[in-house]
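The numbers here are math on the coordinates, done by the rules we state, and not lab data. None of these values were measured; they are calculated from a predicted model. FYI the Cβ positions are ideal-geometry reconstructions off the backbone, even for glycines, and counts take in every protein chain you see.
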Amino acid sequence: MAKNFISPGTPPRSGPSRRTLLQGAAATGLVAAVPAVSPTRAAAAPKRGGTFRVGVHDGNTNDSWNPATTESILMIHSSHVTRSYLTEITNENELGPDLAIDWEAIDGDASKWRFALHPDATFHDGRPVTSADVIASMNHHRGDESTSAAKSLMIDISDISADGDHGVIFTMAQANADLPYLLTDYHLVIVPAKPDGGIEWQGGIGCGPYRVVDFEPGIGAMFERHEGWHRADSGAWFDRIEMTVLNDPNARQTAIVTGDVDAVTDVDLKTADLLKRAPGVILDDVASGTHITMPMHCDTAPFDDVNVRLALKHSIDRTEIVDKILFGRGAVGNDHPIAPTMPFYADLPQREQDLDRARFHLKKAGYDRLSVEISVNDTLLAGAVNMCSLFAEQAKPAGLDIKVKREPTDGYWSEVWLKKPFCVVSWAARPTPDVMFSQAYRAGAEWNESRWENERFNELLLAAKSETNDDLRAEMYAEMQMLCRDDGGTIVPFFRNRTSARRDNVMHEDSIAAVWELDGARGYHRWWFA
């Protein structure tokens, strides 16, 4: 269990403490530790020094520092390098502090929360971080005018107010026990407030462990240690960070083998075992809730007919895809986004390929044969195009003709995702089912990629947020997973391991976070050179 992280001199407070909430979460499975498979551990304590060079697998020329529009892996990792969040997912996959040193529900039903900020935190230009900065940063994602992808996560917050310079109070329209977890979302960075209540997001300024030296969208970025980082006694071991966008998996493999980079964010799984035998290279293979989705727009023909969606879901052979595309480094999916590693996972009957049922549903939709097009690019997953080709072969006997369209790498997130009616998307795990469902499955959510609307699902989503009986909450989430599987517009073929690579002089602790590549995108300040 994580420490309580209350700064010296902070008086005790009434109501459930952060420790109490974490203990309750652990008892119900809300904090799930996922072990990393790693053959090495540093024999000595971390030390400072060196330039950590990383090959990143997803960068685009339209990448921006605006936290409302963060999408690519380059920007997700860069955000964790330069900016702080109120809370974080630790290397042991638990909830821990970032800018907030402590937090507590000050009403018994989690309808009001107080977060205490680190009093010595500063932005890269030396300005102190205050509650006004946190409020402006959160409000950037709230309100009718906001177009933020995180807007749906903030919908239950009715007010955010200051409690002095280093205290922030969140008042909820509806109690939400998951708020501290929700605030780890990669959009919710803390940046300087402007006098008019807006934020200074341009240029990447933040209060994180490193400051921006150079940034070229779609090319890469360079950072230097922020000597005023408020957590410097526990990280930021490297002097400099260099990120290079290497969208091609072969380029990443070559770079790590030759030593041109010290780590890569994603490994081509078909050559992973070969790479593992390369001198000086170590693979980190971590079970996770990372998953591939194939969203179908439920408001667009032919996917507006649930029978077409079910025909496609019954025609895919998930086991063959895990074996041939992931090479066994993952687990089969069941057409909902909650992985076995996540809290409130429901052990529903596993959907398997059933071509007779696929033909039945296709016939019920009025088709003997149906042709559809799926958009994909290999930056989502090394082998993603091959996965779709395999899916197309699997579905042919059911009367489904799936045409695979390889889309350009640059602009995939802006021109394909959320726009093309059938495509492939890569999702990282979210810390709780509520965060995942609110962001991508709730009616009206900015990232509801299948445009699915189900009245019962939305009722359950609202009720589960504030339900304090864990057994009842588990029943609600189980029904929601079933609704996704049987009515939803998304195929979830598998959950994949986070498989990255590093040189053997790059050290980390026994466990690493599974939420993003390279220790939850925090290896940049948690890791060090031997």
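Data for the structure
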item	result
Degrees, to the nearest 10: 18-28 long Cα axis against longest axis of the chain	20 degrees
Separation in nanometres of the label points that stand 7 Å from Cα toward Cβ, at T147 and D248	3.4 nm
Computed label-point distance, nm, for sites D260 and D239 using a 7 Å Cα→Cβ extension	2.4 nm
Taking the range 84-207 and dividing mean pair separation by its residue count, relative contact order in percent (alpha carbons under 8 Å, at least six apart)	30 percent
The range 229-266 residues near the modelled R48 label - backbone nitrogen below 13 Å, point 7 Å along Cα→Cβ	229-240
Whole-percent pair-distance distribution, where bins are 5 Å wide, for the alpha carbons of the range 412-459	4, 21, 26, 25, 16, 6, 1
HN-Hα J in Hz across the range 484-500 - Karplus 6.51, -1.76, 1.60, θ = phi - 60°, x for Gly and Pro	4, 5, 9, 10, x, x, 10, 8, 10, x, 6, 10, 9, 5, 7, 10, 10
When the convex hull of its Cα atoms is projected in every direction, mean area for the range 84-207 (nm²)	7.7 nm²
FRET efficiency estimate (nearest 0.05) - Cβ-Cβ, R277 to E373, R0 41 angstrom	0.55
Debye log10 I(q)/I(0) at q = 0.13, 0.18 Å⁻¹ for the range 239-334, Cα point scatterers	-0.65, -0.93
Under-5 Å amide H pairs with N454, H placed in peptide plane, nonlocal only	A443
Paired Rg and Dmax values of the range 323-420, which use every Cα atom, in angstrom	15.7, 41
Amide H contacts under 5 Å for G218, placed H, 5+ residues apart	N60, D63
Space enclosed by the convex hull of the alpha-carbon atoms of the range 398-486, per residue, Å³	126 Å³
Cα long-axis angle, helix 355-364 against the chain (0 to 90 degrees, to the nearest 10)	80 degrees
Cα point-scatterer Debye curve for the chain, base-10 log of I(q)/I(0) at q = 0.06, 0.09, 0.12, 0.13 Å⁻¹	-0.27, -0.63, -1.15, -1.35
FRET efficiency, L462 to D299 (Cβ-Cβ, R0 30 Å, nearest 0.05)	0.85
Filter on K270/K324; K270/K405; K313/K364; K313/K403; K363/K405 - keep pairs with C-alpha separation over 19 Å	K270/K405; K363/K405
Lys, Arg +1 and Asp, Glu -1 on Cβ, resulting dipole of the chain about Cα centre, debye, nearest 20	900 debye
5 Å binning of all Cα-Cα separations within the range 291-496, expressed as whole percents from 0 upward	1, 8, 16, 21, 21, 17, 10, 5, 1, 0
Kirkwood Rh and Cα Rg combined as Rg/Rh, the range 250-404	1.04
